[in-house]
Amino acid sequence: MVAAAARWCGDPPGQRGFSLLELLVALFVIVVITSLVTLNVGSGGRDIRLEGQVRNLADVASYALDEAQLLGRDFGLLLQQSTEGGEMVFSYAWRERRDRGWDAPASGADVFEVQYLPPDIDLVLELEGAPVAAFAGREPRDEPAPQVLFYASGETTPGSLEFRRRLGGELLWQVQWDLLGRFTALRRGEQEEPW
């Protein structure tokens, strides 16, 4: 009976294990596939973050126009560029016109928080069909006037803001608005088809 048990527990004839080379090749294939998946998911996360920032800009702009009408004060969108870590970075901040000039909004600090765009994104602003060439630099002693104004009367200067990839200039997003402050975020500048 012991001989039968030993025969039963042993390897059946004709079967062998994997060689070291076969295990290394399988491990290499798994590592390559995992790194490709990680690379694709990482770049997708950056695109999702940019989409969130673009949609947030359009939503907060509508809110700023409502606040301007409610409070009877003009609001504005200040687009800025600065150099951080040797790279040019764009950001946008919200301003409220007060007696002493433009300042951060008194209410809604979390809603009107400064937003920084990824370093590989460029902004192109057009107001009433004419491109705006320069953006303000971030200097604390000189508070520049915002480029896009939301008047207490409920109007704003019509325009568009394009989010482009710095290398190649590919259009990723475009935010358009009209005189009445109706903001639309368009992926690649194209109208989405209705279902």
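The values are calculated or read from the model by the stated rules, or taken from the named source; none is laboratory data. On a predicted model such as this, the values are computed, not experimentally measured, just so you know. For neighbour counting, all protein chains shown are included, and Cβ atoms are generated from backbone atoms with ideal geometry for every residue, glycine included.
Applying the selection to segment 94-124, what residues are surrounded by 13 or more Cβ atoms within 10 Å (Cβ to Cβ) and touching a Leu at 6+ places or on another chain (Cβ under 9 Å)?
94, 95, 96, 97, 102, 115, 117, 118, 120, 121, 123, 124 - these are the residues of segment 94-124 that are surrounded by 13 or more Cβ atoms within 10 Å (Cβ to Cβ) and touching a Leu at 6+ places or on another chain (Cβ under 9 Å).
Given (1) part of a loop (DSSP other than H, G, I, E, B); (2) surrounded by 15 or more Cβ atoms within 10 Å (Cβ to Cβ); (3) among the β-branched types (Val, Ile, Thr), identify the lone condition not met by residue 89.
(1)
Would you mind stating whether residue 128 is over 23 Å from residue 52 (Cα atoms) and at pLDDT below 90?
Yes; evaluated as a whole, the condition is true for this residue.
Can you pull out the residues in segment 138-164 that are modelled with pLDDT of 90 or more and within 28 Å of residue 46 (Cα to Cα)?
146, 147, 148, 159, 160, 161, 162, 163, 164
Might you let me know whether segment 84-106 holds any residue that is touching a Pro at 6+ places or on another chain (Cβ under 9 Å), of a type in the set (Gly, Ala, Ser) and at pLDDT 85 or above?
Yes - at least one qualifying residue is present in segment 84-106.
Okay, residues lined up against (1) outside any strand (DSSP E or B); (2) at pLDDT 90 or above; (3) surrounded by fewer than 14 Cβ atoms within 10 Å (Cβ to Cβ):
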{"site": "43", "(1), (2), (3)": "yes, no, yes"}
{"site": "47", "(1), (2), (3)": "yes, no, yes"}
{"site": "57", "(1), (2), (3)": "yes, yes, no"}
{"site": "60", "(1), (2), (3)": "yes, yes, no"}
{"site": "73", "(1), (2), (3)": "yes, yes, no"}
{"site": "76", "(1), (2), (3)": "no, yes, no"}
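Kindly list, by first and then second residue, each pair from a residue in segment 152-179 that is outside any strand (DSSP E or B) to a residue that is of a type in the set (Lys, Arg), limited to pairs with Cβ atoms under 9 Å and residues at least 6 apart or on different chains.
152/73; 152/97; 170/164; 170/188
Taking the condition at pLDDT below 85 and within 20 Å of residue 54 (Cβ to Cβ), does residue 135 pass?
Numbers: at pLDDT below 85: yes; within 20 Å of residue 54 (Cβ to Cβ): yes.
It is true that residue 135 is at pLDDT below 85 and within 20 Å of residue 54 (Cβ to Cβ).
How do the pairs read when you match residues in segment 98-121 that are under 30 Å from residue 167 (Cα atoms) with residues anywhere that are among the acidic types (Asp, Glu), using Cβ under 6 Å and keeping only pairs 6 or more apart or on different chains?
From segment 98-121, the pairs are 119/87.
Among 73, 49, which is more than 22 Å from residue 120 (Cα to Cα), among the charged types (D, E, K, R), in contact (Cβ under 8 Å) with a residue 60 or more places away in the chain and out of contact with any Leu (no Cβ under 7 Å at 6 or more places or on another chain)?
Being more than 22 Å from residue 120 (Cα to Cα), among the charged types (D, E, K, R), in contact (Cβ under 8 Å) with a residue 60 or more places away in the chain and out of contact with any Leu (no Cβ under 7 Å at 6 or more places or on another chain) holds for just one of 73, 49, which is 73.
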